[in-house]
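What follows is one structure encoded as structure tokens, with my remarks underneath.
The values are calculated or read from the model by the stated rules, or taken from the named source; none is laboratory data. Worth saying up front: this structure is predicted, and the values here are computed from it rather than measured. Cβ placement follows ideal geometry from the backbone for every residue including glycine, while neighbour counts extend to all protein chains displayed. SASA here: full protein model, heavy atoms, side chains in, ligands and nucleic acids out. Shrake-Rupley method; radii C 1.70, N 1.55, O 1.52, S 1.80 Å.
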Amino acid sequence: MAVGRSSPAPQHALSLGSSQSKSSSPVPSGMPTPHISSGNSSVGSGAGEILSNSLPKHSFYTQSGELVEIRNVWAENVEKEMNAIRQLVETHPYVAMDTEFPGIVVRPVSETYSPDYHYKSLKCNVDLLKIIQLGLSFADENGNLAPGCPCWQFNFQFNLNDDIYAQDSIDLLINSGISFEHHAKRGIDPLLFGELLMVSGLVLDDRVKWVSYHSGYDYAYLLKLLTARELPADEKGFFESLRLYFPTIYDIKFMTSLCDGHFGGLQKLADDLGCSRIGAEHQAGSDSLLTMTAYFALASSKFAGGSQSNNIIDDSKYKNELFGYGANHTVYKGAARFATAAQAENTGILAITSGNDNGY
């Protein structure tokens, strides 16, 4: 999602805040061209095209000539596709994740930069709202994407007539190809998906490496799916649950905070690293693929050992850190970080918005 000006919300929408996006930059010119195939896949001619998530799949040729598929998952095929993922994670244990959700609609009644403000804001919004889309992409330990279909895009039940949302967030998703008519009719039941995710082999296993970008909200929505209950009352409880279900996580936003010369959102980072986008921006599948390629490009260039260590990536500096939360909270970062966060707030950008924010 992208930063948008506040729009008047319809009567059924609670719109007390605005949303942000993880990727507000234009699609790079090197974006792979959609593969023209049968009526079951996208048919297109190049970058910038809107690709509807109502289609079963989108296929693309990469710059190296490989065919890559982003597969859409709905209620009718969720069990079949989760079975496929259960087998795939054994050989491709790196899982890049991104979510799309209905924005930020409420603020906690608390001092803006008190130690618990970030988590309170996350909790009250995630408890109130529903996830719209989840993208999962898979790679091996060398960063090679799973052959054929490395990416699944899960589309959840969401009804614009009944569910709460921020209008600017929904407008952006519609303009990016999200079909809310299909979400209302064919969307995945979150309770069923939580059950399937619990036995998928993706969680409760430290061998599975979860890769994300500025992802507090992403993991919060996943925890809500897994537990089918409200988030823990405090940040300590949140991290305990996070470590239980996701023992190994890599947050690229935290990684860039350790490096000089990397600023901006995910798209800007990917451009700097020479990573091309596959698929439609502001859809969770494409964003998760870009997250995966950006992670390995960044990790191999900034966190890998020399020739004696066979250029092995050393994750000890960034493993299990979540940017903006815990020890990385603004109040622990000193006056400079506080000033930056305050400036962002004054310009209408909430610094903690993370689940769909490539732009902060």
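Inside segment 177-258, counting only helices (runs of 4 or more DSSP H) that do not spill past its ends, which hold 2 or more residues that are among the acidic types (D, E)? Full working, then the answer.
Numbers: elements: 180-186, 190-198, 216-227, 235-245, 252-257.
Those helices (runs of 4 or more DSSP H) span 235-245.
Of all residues in segment 137-167, those satisfying the criterion of being open to solvent by 10 Å² or more (accessible area, probe 1.4 Å), closer than 28 Å to K209 by Cα and not hydrophobic (A, V, I, L, M, F, W, C) are D140, E141, N142, G143, N144, P147, G148, Q157.
Kindly provide the set of residues from segment 240-264 that are under 13 Å from N320 (Cβ atoms), open to solvent by less than 30 Å² (accessible area, probe 1.4 Å) and not hydroxyl-bearing (S, T, Y), ordered by number. Quick ask: steps written out before the conclusion?
Restricting attention to segment 240-264, the residues satisfying the condition of being under 13 Å from N320 (Cβ atoms) are 240, 242-251, 254-255.
Adding the requirement that they be open to solvent by less than 30 Å² (accessible area, probe 1.4 Å) leaves 242, 246, 248-251, 254-255.
Selection gives L242, F246, I249, D251, F254, M255.
Summed over segment 221-251, residues that are of a type in the set (A, V, I, L, M, F, W, C) and under 11 Å from the mean Cα position of the chain (by Cα) total 1. Is at least one residue of segment 131-148 in a loop (DSSP other than H, G, I, E, B), without any contact (Cβ under 8 Å) to a residue 40 or more places away in the chain and farther than 17 Å from M292 by Cα? No, because not a single residue in segment 131-148 is in a loop (DSSP other than H, G, I, E, B), without any contact (Cβ under 8 Å) to a residue 40 or more places away in the chain and farther than 17 Å from M292 by Cα. Given the criteria closer than 20 Å to L222 by Cα and among the charged types (D, E, K, R), does D168 qualify? No; evaluated as a whole, the condition is false for this residue. For E230, indicate whether it is more than 18 Å from K123 (Cβ to Cβ), acidic (D, E) and modelled with pLDDT of 95 or more. No, not satisfied.
Residues P108, P93, P102, P115: which one is open to solvent by 10 Å² or more (accessible area, probe 1.4 Å) and in contact with a Ser or Thr (Cβ under 7 Å, 6 or more places away or on another chain)? Explain how you work it out, then say what you get.
On the way: P93 fails: in contact with a Ser or Thr (Cβ under 7 Å, 6 or more places away or on another chain); P102 fails: open to solvent by 10 Å² or more (accessible area, probe 1.4 Å); P115 fails: in contact with a Ser or Thr (Cβ under 7 Å, 6 or more places away or on another chain).
Step by step, each of P108, P93, P102, P115 is checked, and only P108 is open to solvent by 10 Å² or more (accessible area, probe 1.4 Å) and in contact with a Ser or Thr (Cβ under 7 Å, 6 or more places away or on another chain).
Which of the residues belonging to segment 259-302 are hydrophobic (A, V, I, L, M, F, W, C) and either within 14 Å of the chain's Cα centre (by Cα) or part of a loop (DSSP other than H, G, I, E, B) (or both)? Within segment 259-302, C259, F263, L266, C275, I278, A280, A284, L289, L290, M292, A294 meet the criteria.
Tallying residues that are in contact with a helix residue (DSSP H, G or I) (Cβ under 7 Å, 6 or more places away or on another chain), at pLDDT 95 or above and hydroxyl-bearing (S, T, Y) within segment 240-266 yields 3. Picking from L128, L122, L173, L134, which residue would you name as being of a type in the set (A, V, I, L, M, F, W, C), open to solvent by 50 Å² or more (accessible area, probe 1.4 Å) and under 21 Å from L222 (Cβ atoms)? On inspection, the qualifying residue turns out to be L128.
Name the one entry in K224, K209, K236 that is within 18 Å of F303 (Cα to Cα) and open to solvent by 10 Å² or more (accessible area, probe 1.4 Å). Spell out how you get there, then give the answer.
Values: K224 fails: within 18 Å of F303 (Cα to Cα); K236 fails: within 18 Å of F303 (Cα to Cα).
Being within 18 Å of F303 (Cα to Cα) and open to solvent by 10 Å² or more (accessible area, probe 1.4 Å) holds for just one of K224, K209, K236, which is K209.
Of the residues making up segment 265-281, those that are surrounded by fewer than 24 Cβ atoms within 10 Å (Cβ to Cβ) and in contact (Cβ under 8 Å) with a residue 40 or more places away in the chain are G265, K268, D271, S276. Criterion first (of a type in the set (V, I, T), out of contact with any Asp or Glu (no Cβ under 8 Å at 6 or more places or on another chain) and open to solvent by less than 20 Å² (accessible area, probe 1.4 Å)) does T291 satisfy it? Against the criterion (of a type in the set (V, I, T), out of contact with any Asp or Glu (no Cβ under 8 Å at 6 or more places or on another chain) and open to solvent by less than 20 Å² (accessible area, probe 1.4 Å)), T291 does not qualify.
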